[in-house]
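Below is one structure, written out as structure tokens, with a few remarks after it.
Please treat every number below as a calculation from the coordinates, not as lab data. All values derive from a computational prediction rather than experimental measurement. Heads up, the Cβs are rebuilt from the backbone with ideal geometry, glycines too, and the neighbour counts pull from every protein chain shown.
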């Protein structure tokens, strides 16, 4: 590989890292906004509003999801078929128990990041996803982005 190719790869890696950092901040901000909304309006109203793109909690591939501290899905506009289901034993295509990791992070740290594979509602393709989660009482509020 020559110097020119190495330079191009380094530039692309830097651009990708900057884009990821921006997406991380957006996801984190959305979770904090959603947590405050739940506190102010209750979980029932919040779940309805999280599914409505006009309310500012959802775009084509970004949304807020909420499950309880035992990983029972409360609301998930990106994957409504999961609502009401126990998600603790769900694995991604690589066999990762990502909901268990969310519960562990929420109960030990209060907030943090989890990476896993999930179906992108915009493309309907399985993609790498990185989600920020935050504990709020007995709830775990999360949002992420597809890489």
Just need the Rg to Rh number for segment 68-145, please, alpha carbons only, Kirkwood Rh. 0.93
Quickly rank 84-92, 99-107 as a protection proxy: mean count of other C-beta atoms within 10 Å, highest first. 99-107, 84-92
Let me have the relative contact order for the chain, percent, based on Cα pairs under 8 Å that are six or more residues apart. 22
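Per DSSP H run of at least 4 residues, take -39500 (n - 2.57); add these up for the chain, divide by its residues and hand me the 222 nm value, nearest 500 deg cm²/dmol.
Helices in the chain give a 222 nm mean residue ellipticity of -13500 deg cm²/dmol.
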Residues of segment 109-139 with backbone N under 16 Å of the label point set 7 Å from the Cα of residue 61 along Cα→Cβ are 116-132
